[in-house]
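A.B. asks: For reference, the structure I am asking about is given below.
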Amino acid sequence: MAKKSNRRFYLARYEFNPERIPVFEDLGTELTIAGMVFQGVGSTLVLLSPGVEWDPNFEVAKPDIDEWGEIIRQTDDPEIFVSENGGITKVLHRKLRYSLSGDVQQKIWARDGFQCVFCGARMGTTLMTVDHFIPLELGGANDDSNYITACRRCNKGKGTLLPEKFCQVRGFEYQKIKEYLDNCKRLT
């Protein structure tokens with residue numbers, strides 16, 4: 001296993017919580033893929049994911065092969081890790097630690113008609129997930145009242161964005177989705 005690097009591949013601060021110090025393990029929970037860089041034949045091409053705004057003030061990092069391995073692993077591995085911050089040891093749970101049982105997933109998928117509540121994609125045509133409508137990182141509940149069916153593309157695209165912002169960027173009807181989820185809460 002590659003050793004953890006002291007280099008940091010994250011944003012310098014958290015817009016919604018400036019006091020929170022980012023850690024390496026935020027990859028995959030706090031950060032999402034915003035695009036790709038292609039180089040060759042004397043050209044460099046930056047492709048941005050849909051809905052991503054270009055920021056000319058970006059940082060370029062050049063991880064070595066071991067760091068790349070750790071970056072890839074950190075984006076998908078569920079784990080619990082310990083971090084020391086200012087002499088205080090904290091046990092941190094990555095978002096994937098909040099995995100749902102198959103029973104809960106089936107219940108949410110059935111409630112939502114086996115389709116993505118955001119884009120309407122149907123189960124069977126794409127991989128479905130259960131998303132936290134209000135991200136855990138922004139204070140969302142980790143229970144049925146905050147679960148919503150989302151295709152993998154919408155879930156990954158939303159990441160830790162507030163649902164209002166995600167819907168605005170993607171052209172989805174936030175108010176309609178919120179009313180639907182509120183109605184689901186009343187029925188349970």
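Every number in this text was worked out from the coordinates using simple rules, so none of it is lab data. This structure is a prediction, so every number in the text was calculated from the model and none was measured. Methodologically, a virtual Cβ is constructed for each residue, glycine included, from the backbone with ideal geometry; neighbour enumeration extends over all protein chains shown.
A.B. asks: When only DSSP loop residues count, what trypsin sites (Lys or Arg not before Pro) in segment 130-183 have their Cβ near at most 14 other Cβ atoms within 10 Å?
C.D. replies: none
A.B. asks: For segment 94-188, which chymotrypsin sites (Phe, Trp or Tyr not before Pro) pass both filters: DSSP loop (anything but H, G, I, E, B) and at most 16 other C-beta atoms within 10 Å? Please report the intermediate quantities before stating the final value.
C.D. replies: On the way: sites: TYR98, TRP109, PHE114, PHE118, PHE133, TYR147, PHE166, PHE172, TYR174, TYR180; in loops: PHE114, PHE118, PHE133, PHE172.
Answer by residue number: PHE114.
A.B. asks: Which value, to two decimals, describes the C-alpha radius of gyration of segment 124-188 once divided by 2.2 N^0.38 Å?
C.D. replies: Values: Rg = 11.5 Å, N = 65, 2.2 N^0.38 = 10.7 Å.
So segment 124-188 has a normalised radius of gyration of 1.07.
A.B. asks: Just add up the charged neighbours of ALA110: K/R +1, D/E -1, any other residue whose Cβ is under 14 Å from the Cβ of ALA110.
C.D. replies: Cβ neighbours under 14 Å give a net charge of 0.
A.B. asks: Next up: ³J(HN,Hα) across segment 142-150 via Karplus (A = 6.51, B = -1.76, C = 1.60, θ = phi - 60°), whole Hz, x for Gly/Pro?
C.D. replies: Here the 3J(HN,Hα) series is 9, 8, 3, 5, 10, 8, 8, 6, 9 Hz.
A.B. asks: I've got another one for you. Would you please give the residues with an amide H less than 5 Å from that of MET123, counting only those at least 5 places away or on a separate chain, with H modeled from the backbone geometry?
C.D. replies: Amide H to amide H, under 5 Å and 5 or more residues apart or across chains, MET123 pairs with GLN115, CYS116.
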